[in-house]
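Undergrad: What follows is a structure written as structure tokens; I'll ask about it next.
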Amino acid sequence: MAQLRRYKAEFKERGAGVVAVNPAEGASAAPVCEMFNFPYACLGDPSGEAYESYGLERGNIGRMINFRSVWRGTLAFFMGHRQGLPVGDRFRLPGAFIIGADGMLLWAWRGRDASDHAGAGVILDALDEINTEIE
């Protein structure tokens with residue numbers, strides 16, 4: 001979330017709206033985003049319906065706690081990022097999607113484990129590629 005926050009101007013420049021979906025109850029989704037000072041819309045999906053619709057898996061303990069996720073969590077901790085209390089289904093794996101104005105899925109990133117988030121640069125590159133193909 002912090003990385004997406006830092007690239008707010010670049011997303012706006014490309015005409016892209018950003019929405020965060022987390023597994024919290026609807027009323028709990030906003031405080032999660034507020035905790036991270038996230039400047040975009042936040043939606044809760046406690047049932048996991050949106051996660052499943054976009055092909056995001058529900059991980060197991062090995063996909064939640066493994067060398068890669070522990071390593072990335074340690075790096076994040078030492079960079080000043082702190083984990084808040086878990087909210088909602090903690091086994092939902094991350095993803096990022098670009099959806100066209102017509103509602104069609106144009107690009108997808110589906111995390112392999114809990115730490116596999118698409119970086120802002122990856123998403124912005126995908127937006128640029130899509131925009132180039134459209135022109």
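Undergrad: Which residue, chosen from 106, 122, 93, occupies the Cα position most advanced towards the positive end of the dipole of segment 90-135, where the dipole is computed from +1 (Lys, Arg) and -1 (Asp, Glu) charges on Cβ about the Cα centre?
TA: So the residue furthest toward the plus end is 93.
Undergrad: Residue separation times 0.36 nm, minus the C-alpha to C-alpha distance between residue 133 and residue 72: what's the value? Mind dumping the intermediate values first?
TA: Values: separation 61, 0.36 × 61 = 21.96 nm, distance 3.38 nm.
My answer for the length gained is 18.6 nm.
Undergrad: Another question about this same structure. Give me the net charge of residue 7's neighbourhood, meaning all other residues with Cβ under 11 Å from the Cβ of residue 7; Lys, Arg count +1, Asp, Glu -1.
TA: Values: positive: 5, 6, 8, 12, 14; negative: 10, 13.
Within the 11 Å Cβ shell, the charges total +3.
Any read-out appearing in this document is the output of simple, stated calculations on the displayed coordinates, not a laboratory observation. These figures come from a predicted structure and were not determined experimentally. Using ideal geometry, Cβ is built from the backbone for each residue, glycine included, and neighbour counts are taken over all protein chains shown.
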